[in-house]
Structures are given as C-alpha cells and as structure tokens.
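Chemist: Please see the structure below; I have some questions.
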2 protein chains.
Amino acid sequence: MNTLAPGISETKTKVLRTQLESIVGAEHVLHSAADVEVVSRTNIPRRNIPSFAVYPETAEEIAEITKLANEHSVPIWPVSQGKNWGYGSKSACYPGGITLVLSRMNKIVEVNEELCYAVIEPGVSYGQLNDYLKEHHPSLWADSSGSTADASVIGNALDRGRGVTPYADHFGALCGMEVVLPNGELLRTGTGPDGDYPAWNVYKWGTGPYVDGLFSQSNFGTVVKSGIWLMPAPEKYDFFVFEYTADESRFGEFLDTFRKLIFQGVIRSYPHLANDFAMLCIVDQYPNDLLPEGRRHLSHEAMQTWKKRLGVSDWTFGCGMYGTKGEVKLHRKIAKKELSRFGEVVFVGGCEKDTLKGRMMLKAARAALRMKGKTVKLLEGLPYAIRLFQGIPTDYFVRQVYFKSHAEKPSMGDVEPARDGCGFVWIGPVVPFTASHLTKFLDEVKPLYETFEFDFFVELIIESPRSVIALFGLFYDKQNEDESARAEGLYEAIRVLSHERGYPPYRASVASSTKALDCNPVLKDTLHGIKQALDPNNILAPGRYGVDLTNQK
Amino acid sequence: MNTLAPGISETKTKVLRTQLESIVGAEHVLHSAADVEVVSRTNIPRRNIPSFAVYPETAEEIAEITKLANEHSVPIWPVSQGKNWGYGSKSACYPGGITLVLSRMNKIVEVNEELCYAVIEPGVSYGQLNDYLKEHHPSLWADSSGSTADASVIGNALDRGRGVTPYADHFGALCGMEVVLPNGELLRTGTGPDGDYPAWNVYKWGTGPYVDGLFSQSNFGTVVKSGIWLMPAPEKYDFFVFEYTADESRFGEFLDTFRKLIFQGVIRSYPHLANDFAMLCIVDQYPNDLLPEGRRHLSHEAMQTWKKRLGVSDWTFGCGMYGTKGEVKLHRKIAKKELSRFGEVVFVGGCEKDTLKGRMMLKAARAALRMKGKTVKLLEGLPYAIRLFQGIPTDYFVRQVYFKSHAEKPSMGDVEPARDGCGFVWIGPVVPFTASHLTKFLDEVKPLYETFEFDFFVELIIESPRSVIALFGLFYDKQNEDESARAEGLYEAIRVLSHERGYPPYRASVASSTKALDCNPVLKDTLHGIKQALDPNNILAPGRYGVDLTNQK
C-alpha cells in the first residue's frame, strides 16, 4: 500500500482505508500499488499515482468521503469515467490522495419525451444513454463526442467537450445540477422547492446568479446528477462528405464561405475539418516504410505519397443535415452549390437504420466515391460517421490514437489507449472563425511541428459560427524519453503561442491545467476567493484549472 | 440633503458628497431631496430613496466610487438605465446609499460584422444600438425587449430580460465581460492575455470555471462593458398574426402543437401570447363605462363586451419568420397548416423598409384583417410589431401601462411611467412548456385575480421549446392605498404559489428579490460564502436577489 501522499504516515493511510471501505465496501476501494498504477495511466507524458481509487455508488457516499477528506486533509480528485484520453485520463495533478471514480453512478433517472431532456448520473456513458433512448424513447437523440462510447456524458460536458450534432455544445446542454460541495452538503442548482421541481431541467438560468458554470472545468464541487437536453429526432436526416480539392490559396475563402453557411443555418451540425494527416491516422497505420533512417517525421514528399496511396485530400469533413424534408432538400442544394466551389461534395444519405434502402444508398455512394479514386479503406468509416452525426457513439474514430504506437488498431470493443500505453496529447485553442485568424494561426503552428520533428495534425472543430477549436494532436512514443520530451516541448510551445495570440484552449490537460489561469491574475484571485469560501481545506482537486489554495500565484 | 442612510451623520454625508463630486463632477451627483425623490420613483408599490444618485462615465470612476463606498461602509446600487419598470426601476431594496446610474457610459466600443457581435457599455440603449447598426452595419440585427427604446441592452441582459427574435435570450447572448469588483479591481472574464483579445467575444466558456453567470441577477460586481452577439440579417423576413378562435377546451392541444413547431425550428422567434386583457391594454384605455359602481374589476360579461368593441380574441400573438427565401416559404406553409386548426393566421409580410411594396403589402394585410372584423385601433400596432420582430425597439407597446391610470396613452417619445406614477408590477414564473403544466397553472392563478379583484392579465412568453414565462401583470392605482395593498397581496400570492409549484420567476422585483433564494437554503449559503469572499464589507447592492451579509437567513 502506498502512503497517502508524500510525507503522510502509513498509520493514517490505514485508518483512512478502513473508513473508505466502510463507506463503499472493500471491493470498491483500490489501494495496491499495482491497482492504482493501472488506474492512473495516461496518454500524456505525465501522470500521478493516487493512494486510493474509490468507486462510490451514491451522492451520500460521496458526501461521506468528502467529509472524511476534510478531516484527514486528504485531496479528492473526482472523475466520471476518466476517459478524457489525451487530457490526463484519471490522473490528478498531484501525487497521492483519493481518486474518486464515478462509473458506478450510472442511473438514468428520468427521460422526458415532451420536453426532450434526460436526468442522469455521471457514470452514464454515451453508449448506455444511446442504447436506452433507442429502446425506450426513439424520438430523442443524444449527442456524442467523437471519442469512445464508454465516455461519461456528464464528465465530457463538465470538461466542455464537444459533439457534432446541433446539440454539440455539451456543457451548454446541461440544465439543473446536483452537486456535492466540498463541505459535504448537497446543492441543487436552480431555485425551486425542496426536491426535484418541474422547471429544474427546462430553464437554465433560475432566479438569482447562475452558478452552474462554477462546476465546469473546476474544483468547486462534485456533480452527481444533471439534466441534459436531448434533440428531437428530425423528420429528415442526411449526410455528406466534403473533400477540399481547391488550391491552398483559396482555403481562406473556403473558411469564410463555410462560416456563412453555419450562420445561415444551412449547416446545423458542427463538423470536424480534418487535415490530411488527421484523416490518414483514422484510415491507416503510420507508414514507417516512408520514414528514412534518422528522420523522425514524414517529409513533404512522403506525405504526398501516403496521401495518394489512400486517396486522401488536404482537408476532409463529414456533415449531418437535419430538418423537415423540405428544409433538408433546400439546404442540400445550397451547401452543394457553395462548397462545390472548393471541392467534392458527396451526399450519401442518412441510412441510420439497417434497411435495404439504407444499404443500397450506402452501396451506391461508396461506388460513386470509389469512382472518384477513393480507397476501400477510406470508405470503411462512412457508416460510423453517418451514425455519429445522429449522436450514436462509436469507437471507430478514436482508434486513430493507435496508428503509430501499435502495429494495428484494436477491435472496437477493446479500445483503452491509456491502458495500452498510446502516447498522445490534445490541445485545442479557440480561434475566431475568420479566414485571417485561422490561416495565420495554422501558418504559425505548423513550423512548430517541424521544429520539434512531429507530423502536423489538426482538426478544425466548428464550435459555433463565431469560433473554431483548432485541435492539435501530438503523437509520440511513451517509451522513448527523447520523443516524450519533444512532445512536451511542442505542447508547451503551442500552449504559450495560443495564449499570446488570445486563443485560449477550450480545455486543458491535467498537466497544463495548473497554469490555465496565469494569463488572468484578477480572475485567478477571484476564483481563489471563491475556493477559500467553498473549500477552505483545499481538499477538492487542488490545482485543477489553476485553483489551489496552497499555491495561489 | 438627506443623511447617508438612517443613523449616519450629516457630516459624513457631506464628506462623501465632496469626494463623489471630485470623482465625477458636481453636475453628475444628485443629492437634493427633490432630485433623489424623482430618481427613486417606481411603478411597484414600494421604493426607497437614496442619499445620492451618481452618474459616472468610466470604469475607473466606478472603481474609485466603489473604493470610497468600502471606506465609508456605504452601499452602492448600480443600475444601467434603470428602465426596468414594473420590477423596481432605479430603487434599491434599502433606503439611503448611492444609486449608481450608468447611463453616461454609452460607448459602442466595437462592432464586428464578420463574427456578428458588438462590444458595448451599459448605458447603450436599444434605440442607440439599433440606430448605429442601421447606419453603419445594416447586415446586423440586434434584439430588443418589448419595453422602451431607452432601456439598456446590457442592463436588460443582466436581469435576464427577453426579446422576440431568434436572439431573444439576452443573457445568453452576452459574451466576454468587464466587471468592477466590489474591491474596486477590474475583472475581465475569459482567459486571454492582458487587454481585449480575439476570442473574448466569440467563445463564452473560456478556460476554467465559467463565471459570467455570477454577474447576472446578482450583487457580485458592476458590469461596465460586455460583448453581445448580434444576428446576421436573414435573406428573408416575414411576419404573421395569430388569433386563437377555437374553443377553450382545445387550448392545451394548441400549446402542444405550438411547442412542436418551435422544437422543429419552423418558428424561430419567441412570441408573446397575449390573453384578451393583455391585448386590450395595448390597443385601448380602460373601459370605465363597463365598471358599475362598487366593482373593482370587469365582470365576465363586461370583458366580452369590451372584446367585441375592439375585435380582440382570447389569445393573440405576432410572430417573425426568418431564413433563406426557400425556408421561409416552407415554414409559412407548415405554420399556417398547423396553427389554422386553432384560429386565424394572417401573413402580413416583413415590410421593414418604408418602400412602396412594403406599404402596399401592409395595406392589403390591413384590408384583409378589417374584413375579418378587426378594428382600426387593433391594427395600429402592426407596423411596430413587424419592426420589433426585427429587433427594432419601439415605445408603442409599453405605453399599455398607462391604460388604466391615465386618460390617454402618452406620445411615443414621452413614455416614462415611473415618473408619471403608473402603478404596475410584473411577475413571470417559468413553467415547463406543456399543456398540462400551463393550463393547470393558469387555472390556479386566475382565481387569485378574482380574489384580489383585479383583471386577469397574462402573456405567455416563449422562453424556449422547453419553457414558457407566464408573465402576469398587475395594474393598480398608486394613489389608492387599498388598491396598492391588494396589488401587493396578489403579487405575493402568485409569488408563493409559483415557488410551491416549482415555477421560479425569471426575474424578481426589487421588493421581492430579497426573498428570491429562500426556497434553496444551500444555494443561498453558497452565494453568501461567495459574497463574503468578493464583498466582505457588503457594499454592493446588499439584498439584491437575497444576498446580504447582514441578514443571511
């Protein structure tokens, strides 16, 4: 057994273990060195090993654990499912303490069909929610992130993750929370009478200050239940694939056109525009044959060769269309006309159901794409993309993170890159959605990849008509110290540049989050004041997003 | 000159006056009994008179005044324009202190056409912003509340007021704030480098906790600048009027149909469904001839007579349609088909510009409506409604508050009901948007009007597809003590009932806001902890929305 944290006695640790076991049951407290090592594995270059990983089942258990933590001055690091791969997974930003994994809290408490919302616990995964809706409430769609079906719906929303349907803003879709505060009290946000109340999950702002935002990307409370808005299934769903084939010089003009289509509501989904390398990771493994001895990343020529092998363009995205039949028909026409000026637009139909018609349409679309020179490999992901834009989660795309570290991608039920030692980090600065901001910024970041000898990976995630998350991916070999150090160097270079340019990251990794607010000292001070008020013993996830009473500056 | 507050010396008051005058200039400090009496006039039955009304011009001046307030332990009550008539206008919820009126801070700092936002100060009014956009950026629309053109854009948004266009959620449209904290420091929300930064007004959540919600309906800071999202002018705008003519028994079915149209996006504006009495206040003056001696409100029969005189239906709403030409055509067809099952749907065109075609269309629509039995009086407001749904503010509708207290409505440039002593209060509980919630609740509230002998006024303000603000209006004679007391009694009865049913008000009046959080003691405690951290001297608007360190329970 570990000690509780550096400098804390083994006796105290034993006492705490007994107490934790009496709250949640011995089988739900992990403490052996081997167990906590596995729990704390990350894809990012750093991690910290906790003393305990505890799996509570109820809000009351969390309240008791929270009170214990105050008594013993031991920090608690809550995670929902901890599948935020590439951002830190279940690792805290300090060693020792209690990692609180909420995966057993997986109740779907309510689904309201008329008002299109669900109330769920943080252990509910995208897969679970979607399966439940398909079976019991097929008129409602949930949104999913592009990551694994096992990720937590609430966890992702609180970390302000994104999806691709019209309900892509996951934090924005939360409405009405229940939170265990650092003093162990249960707070229900909103202003109704005791218990649940009718307006709790339909109106976000309540009466008085809106506080829900305090529990997002923060350490002010452990959210144990939340309402989440769901999308009513549209009358018509369609899907198209776009490939940018115009000259590079017209990319800015394309971005401005794209923005206008989103402002207009012609495009209502929030696509990810993948660069060539990002697309290749999904469909292929790393072409080591194209990497001469001594080089650490592909030359321009090697990239061109690889792209040609697979038929991949400079930029690619898939996109859902939603509305009444008439609307989708209109939007199809406008989108096709506008986007065709910059590349290929192929509508493949929204065959969500495995019907004969659906299969036929997909087959026809595939045939059309094959004629345009697309490879079978490239087209394999199409059915998954079509489903993802209906909110149906898939492990298909996230398997891309195995493309370099492993000889093959894993099978779909067995994706666990933290366990499997895949090295990657994400950083996603938010950039105003204009040609000039985006092209200049990409032109600045790309050379950083050259400097640190990595291949340039970027997905432009449409956040709204006003902003784009430029999601940069860094893939490295976790066993290779030099490469890990270069990955850290590149990450830090992008992080610093983004802040300088005024493009703050939409979320931080566990390692970088301690510095997340350094650019805004008044905000940091204000949040420390709030931390002092809500968590005077500094026991809840100290350091998460820069708020830590022991180290305020 | 008043003393500063009950129990505070005249000497101290004189010192403070000199200091305030040295900060903002003597002409911007009101202190005579006559002046502060006018400033504090309200439409609600209560008000408090301040010691000073101070009109600063810059954030720096506000910071200095805030520091002074801390030194002297004198409370500050910030208002933007203070046109929140029926909620308390410029009155604080305590006597004495400094009322800070931000009307001189009226700079439009930036307008970004590509990304559709403006950055403005709290003194900027709907009228000012709209005029500016029409002249310099006609491709952008702002949203307006249905109240006066002189109201503050930011003030209304911070109090979570509503408009009617697709950008009706005013608080939701704010992005990136500058706030003078109670310690006098200037906080810029969001996480960029010093000064404005590119992503400040395009991405709401920033990195780390989202704190902007803390400055809405609250007393944690004085917002001195904010970004606000604007709507790109749609390719096509149209407008229709709906009158409910079906049997009362089908009203629930109508509400469910209406909700579905909004979920579908066929209706993208946020109409106000006015009951007969609410509509009559707009178009007519109170029919004293129908009120026999001894009665204080109209009998059912008298209401029917009044309705017939004007041609008013049980429920009426106007509604904007927005989109590409094709979309509006489609939506028109669907809306007409669905709503015609319950009443008359008349499209009158969106003649925003005073063109020949616009005038002809309006004339034709008027003629059609006249043929359906509508009076000239009823149709007078049509051009204003058509403009309001384009975000163009008007004093036309708010003149309704003069319908009972005055013989005539004032001319449009001279609407100032607080000055003019019109007695009215609004209370708007948020109700889930279902037939069963809404009809049951209306059936409970209506008898309260009977009990307190008032005429039943309600507007169902569509908040989202998931909720409706049931805005109840109480009109009473401010000179009549009995009627004022009955108005207070009815207000309190509705307030208590709403909380019991779990329908919290979307905003509180200055008088009731001290009790706004009593239903949620844990939230109240949490907010008091934050107040202690940010404003230990309790100088900023103590009591606003129930947060007051001297009286925590």
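Chemist: Pick out the one residue from B:SER147, B:SER152 that is more than 22 Å from B:VAL111 (Cβ to Cβ) and more than 11 Å from chain A (Cβ to nearest Cβ).
Modeler: From the options B:SER147, B:SER152, the qualifying one is B:SER147.
Chemist: Sort through B:PHE342, B:PHE403, B:PHE397 and tell me the only one that's more than 14 Å from every other protein chain (Cβ to nearest Cβ) and modelled with pLDDT of 95 or more.
Modeler: B:PHE342
Chemist: With the requirement that a residue be crowded, with 21+ Cβ neighbours inside 10 Å and either among the aliphatic types (A, V, I, L, M) or away from chain A (no Cβ under 11 Å) (or both), what does the stretch B:177-186 give you?
Modeler: B:MET177, B:VAL179, B:VAL180, B:LEU181
Chemist: Out of the stretch B:103-114, which residues are buried (at least 18 other Cβ atoms within 10 Å of the Cβ) and within 22 Å of the chain's Cα centre (by Cα)?
Modeler: Selection gives B:SER103, B:MET105, B:ASN106.
Chemist: Against the conditions (1) closer than 30 Å to A:GLU248 by Cα; (2) of a type in the set (A, V, I, L, M, F, W, C); (3) outside the structural domain of A:THR245 (by TED's automatic domain parsing), where does A:MET321 fall short? Just the number, please.
Modeler: Just one mismatch for A:MET321, condition (3).
Chemist: So, B:GLY195, is that one more than 7 Å from every other protein chain (Cβ to nearest Cβ) and at pLDDT 95 or above or not?
Modeler: no
Chemist: I've got another one for you. Give the residue, chosen from B:ALA168, B:ALA233, that is within 11 Å of chain A (Cβ to nearest Cβ), in contact (Cβ under 8 Å) with a residue 40 or more places away in the chain and not polar (S, T, N, Q).
Modeler: Answer to the check: B:ALA233.
Chemist: Since B:PRO410 meets every condition but one in (1) without any contact (Cβ under 8 Å) to a residue 60 or more places away in the chain; (2) over 19 Å from B:THR42 (Cβ atoms); (3) not acidic (Asp, Glu), which condition does it not meet?
Modeler: (2)
Chemist: I would also like to ask the following. Being crowded, with 19+ Cβ neighbours inside 10 Å and not aliphatic (A, V, I, L, M) is the filter here, so list the residues in the stretch A:25-40 that pass it.
Modeler: A:HIS31, A:SER40
Chemist: Can you tell me how many residues in the stretch B:236-259 are out of contact with any Ser or Thr (no Cβ under 8 Å at 6 or more places or on another chain) and in contact (Cβ under 8 Å) with a residue 40 or more places away in the chain?
Modeler: Of the residues in the stretch B:236-259, 11 are out of contact with any Ser or Thr (no Cβ under 8 Å at 6 or more places or on another chain) and in contact (Cβ under 8 Å) with a residue 40 or more places away in the chain.
Chemist: In the list B:VAL468, B:VAL458, which residue meets the criterion of being more than 14 Å from every other protein chain (Cβ to nearest Cβ) and over 30 Å from B:PRO75 (Cα atoms)?
Modeler: B:VAL458
Chemist: Turning to a different aspect of this structure: Could you grab the pairs with beta carbons closer than 8 Å, sequence gap of 6+ or different chains, first residue in the stretch B:46-65 and farther than 10 Å from B:LEU20 by Cβ, second one surrounded by 21 or more Cβ atoms within 10 Å (Cβ to Cβ) and among the aromatic types (Phe, Trp, Tyr)?
Modeler: Hits for this filter: B:PRO50/B:TRP77.
Chemist: Can B:PRO429 be described as within 14 Å of chain A (Cβ to nearest Cβ) and either touching a residue at least 60 places away in the same chain (Cβ under 8 Å) or buried (at least 23 other Cβ atoms within 10 Å of the Cβ) (or both)?
Modeler: Yes, satisfied.
Chemist: Then there's this: Please verify whether B:PHE441 is within 14 Å of chain A (Cβ to nearest Cβ) and touching a Lys or Arg at 6+ places or on another chain (Cβ under 8 Å), treating the condition exactly as stated.
Modeler: Judged against the criteria, B:PHE441 is a match.
Residue by residue, here is whether (1) assigned by TED's automatic domain parsing to the domain that holds A:GLY323; (2) closer than 13 Å to A:PRO122 by Cβ; (3) touching an Asp or Glu at 6+ places or on another chain (Cβ under 9 Å) holds:
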{"position": "A:PHE171", "(1), (2), (3)": "no, no, yes"}
{"position": "A:CYS175", "(1), (2), (3)": "no, no, yes"}
{"position": "A:PHE215", "(1), (2), (3)": "no, yes, no"}
{"position": "A:VAL224", "(1), (2), (3)": "no, yes, yes"}
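Chemist: Give B:ALA516, B:ALA511, B:ALA541 a once-over and let me know the one that is small (Gly, Ala, Ser) and surrounded by fewer than 23 Cβ atoms within 10 Å (Cβ to Cβ).
Modeler: Only one candidate qualifies: B:ALA511.
Chemist: Name the single residue, out of those in the stretch B:115-136 being more than 14 Å from chain A (Cβ to nearest Cβ), aliphatic (A, V, I, L, M) and not in a helix (DSSP H, G or I), that is surrounded by the most Cβ atoms within 10 Å (Cβ to Cβ).
Modeler: Only one residue fits best here, namely B:VAL124.
Chemist: Hey, can you tell me all the residues within the stretch B:313-328 that are crowded, with 16+ Cβ neighbours inside 10 Å and within 14 Å of chain A (Cβ to nearest Cβ)?
Modeler: B:MET321, B:TYR322, B:GLY323, B:THR324, B:GLY326, B:GLU327, B:VAL328
Chemist: Filter the stretch A:491-500 down to the residues that are surrounded by fewer than 22 Cβ atoms within 10 Å (Cβ to Cβ) and more than 7 Å from chain B (Cβ to nearest Cβ) and list them by number.
Modeler: Passing the criteria: A:GLU492, A:ALA493, A:ARG495, A:VAL496, A:LEU497.
Chemist: Got a sec? Which of A:SER226, A:SER218 is facing another protein chain (nearest Cβ under 8 Å), of a type in the set (Ser, Thr, Tyr), within 30 Å of B:PRO521 (Cβ to Cβ) and within 25 Å of the chain's Cα centre (by Cα)?
Modeler: Just a single option satisfies the conditions, and that option is A:SER218.
Chemist: Next up: Can you tell me which residue is farthest from the other protein chains (Cβ to nearest Cβ) among those in the stretch B:509-531 that are assigned to a loop (DSSP other than H, G, I, E, B) and out of contact with any Asp or Glu (no Cβ under 9 Å at 6 or more places or on another chain)?
Modeler: B:VAL510
Chemist: Continuing with this model, one more query. Would you call A:THR550 more than 9 Å from chain B (Cβ to nearest Cβ) and among the β-branched types (Val, Ile, Thr)?
Modeler: So A:THR550 fits the description; yes.
Chemist: Output the number of the condition that A:TYR237 fails; it satisfies all remaining conditions of (1) over 26 Å from the mean Cα position of the chain (by Cα); (2) among the hydroxyl-bearing types (Ser, Thr, Tyr); (3) closer than 30 Å to A:ALA364 by Cβ.
Modeler: That leaves (1) as the condition not met.
Chemist: Residues being within 14 Å of chain B (Cβ to nearest Cβ) and in a helix (DSSP H, G or I): count how many of those fall in the stretch A:253-312.
Modeler: 11
Chemist: A further question follows. Just to be sure, is A:ALA246 within 14 Å of chain B (Cβ to nearest Cβ), surrounded by fewer than 24 Cβ atoms within 10 Å (Cβ to Cβ) and among the hydrophobic types (A, V, I, L, M, F, W, C)?
Modeler: Spelling it out, it is not the case that A:ALA246 is within 14 Å of chain B (Cβ to nearest Cβ), surrounded by fewer than 24 Cβ atoms within 10 Å (Cβ to Cβ) and among the hydrophobic types (A, V, I, L, M, F, W, C).
Chemist: Also, quick follow-up: In the stretch B:438-455, which residues are within 25 Å of B:ILE262 (Cβ to Cβ) and touching a residue at least 60 places away in the same chain (Cβ under 8 Å)?
Modeler: Within the stretch B:438-455, B:LEU438, B:THR439, B:PHE441 meet the criteria.
Chemist: Suppose we filter the stretch B:68-102 for residues that are more than 23 Å from B:GLY421 (Cα to Cα), crowded, with 24+ Cβ neighbours inside 10 Å and in contact with a helix residue (DSSP H, G or I) (Cβ under 6 Å, 6 or more places away or on another chain); how many remain?
Modeler: The number of residues fulfilling the criteria is 1.
Chemist: If you don't mind, another one. Does B:LEU158 satisfy the criteria of being touching a residue at least 24 places away in the same chain (Cβ under 8 Å), under 24 Å from B:VAL547 (Cα atoms) and more than 17 Å from the chain's Cα centre (by Cα)?
Modeler: So B:LEU158 fails the test.
The values are calculated or read from the model by the stated rules, or taken from the named source; none is laboratory data. Here the structure is a predicted model, which means the values were calculated and not measured. Here the Cβ is made from the backbone with ideal geometry for all residues, glycine too, and neighbour counts use every protein chain on show.
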